[in-house]
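Each remark here refers to the structure printed beneath this line.
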Amino acid sequence: MNIAIIKYNAGNIGSVENAVKRLGLTPVVTDQPELITAADRVIFPGQGEAKSTMAYLREHKLDQVITNLKQPVLGICIGMQLLCKHSEEYDTDCLGIFDVDVKRFIPQQHEDKVPQMGWNTIEHTSSPIFSGFDKPEFVYFIHSFYAPLCQHTIAQTDYIQPYSSALHKDNFYATQFHPEKSGEVGERILRNFIELKG
């Protein structure tokens, strides 16, 4: 099983690499199109800011590489947001895999903190990457922007309002939360992704 983790100007990529290694696999962290395209599974992780990150992807032609991938792909955090159509973060056009616009959290009351940081539940899960889930599970989040509920939603979380904590379309899967920081639950999600058929 060859797993490529896309290397670009985002943080937290090392944590994802370590999480995959804990599953007994050796991923390659790369920005080389041929290695990414040839991998059995591709992970598009990271923490960062949408506009500068999209500019980097376009400059290095990684935007074209990602949108043309045919194997299972997992976007994580900013990786999920960049797979959407547009982000309110600096009015950024993104990759457009998911037909949904990323919005900024707007606090509705005093105790609403932005970014959402810490543990929250994912519910209404419906995807092979959540195989074995039969109740809400806690996972780790840190983000100021979110994808609204839409036709691609496969898990939802309630923070200020219900939103998509995971998306799926064709061979593209994505989580707003960080499975690599979510203990046994996150490990199960990563394992399920790696074991996907196709």
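The values are calculated or read from the model by the stated rules, or taken from the named source; none is laboratory data. Since the model is a prediction, treat every value here as computed from it, not as a measurement. No Cβ is skipped: glycine too gets one built from the backbone with ideal geometry, and neighbour counts run over all protein chains shown. Just the protein is used for accessible areas: all its heavy atoms, side chains included, with ligands, DNA and RNA removed. Shrake-Rupley method; radii C 1.70, N 1.55, O 1.52, S 1.80 Å.
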Options Thr157, Thr125, Thr92: the member that is closer than 19 Å to Leu57 by Cβ and of a type in the set (Ser, Thr, Tyr): Thr92
Region 31-80, subset over 23 Å from Asn18 (Cα atoms) and of a type in the set (Gly, Ala, Ser), residue surrounded by the most Cβ atoms within 10 Å (Cβ to Cβ): Ala50
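Check whether at least one residue in region 146-158 is at pLDDT 95 or above and over 22 Å from Leu74 (Cβ atoms), and report yes or no. Spell out the reasoning first.
To start, the set of residues in region 146-158 that are at pLDDT 95 or above comprises 146-158.
Applying the additional criterion that residues be over 22 Å from Leu74 (Cβ atoms) yields 158.
Yes: region 146-158 contains one or more residues that are at pLDDT 95 or above and over 22 Å from Leu74 (Cβ atoms).
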Segments classed as strands (runs of 3 or more DSSP E), wholly inside region 82-172, with at least 2 members that are open to solvent by 70 Å² or more (accessible area, probe 1.4 Å): 98-104, 116-122
Options Ile122, Ile97: the member that is touching a Gly at 6+ places or on another chain (Cβ under 9 Å) and modelled with pLDDT of 95 or more: Ile97
Residue that is among the hydrophobic types (A, V, I, L, M, F, W, C) and at pLDDT below 95, where the choices are Met1, Met54: Met1
Selected residue (criterion: surrounded by the fewest Cβ atoms within 10 Å (Cβ to Cβ)) from residues of region 173-198 that are assigned to a strand (DSSP E or B) and not aromatic (Phe, Trp, Tyr): His178
Tally, over region 52-93, of residues that are polar (S, T, N, Q), touching a residue at least 12 places away in the same chain (Cβ under 8 Å) and more than 17 Å from Lys169 (Cα to Cα): 4
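Right, Leu167: without any contact (Cβ under 8 Å) to a residue 60 or more places away in the chain and in contact with a strand residue (DSSP E or B) (Cβ under 8 Å, 6 or more places away or on another chain) or not?
Values: without any contact (Cβ under 8 Å) to a residue 60 or more places away in the chain: no; in contact with a strand residue (DSSP E or B) (Cβ under 8 Å, 6 or more places away or on another chain): yes.
Judged against the criteria, Leu167 is not a match.
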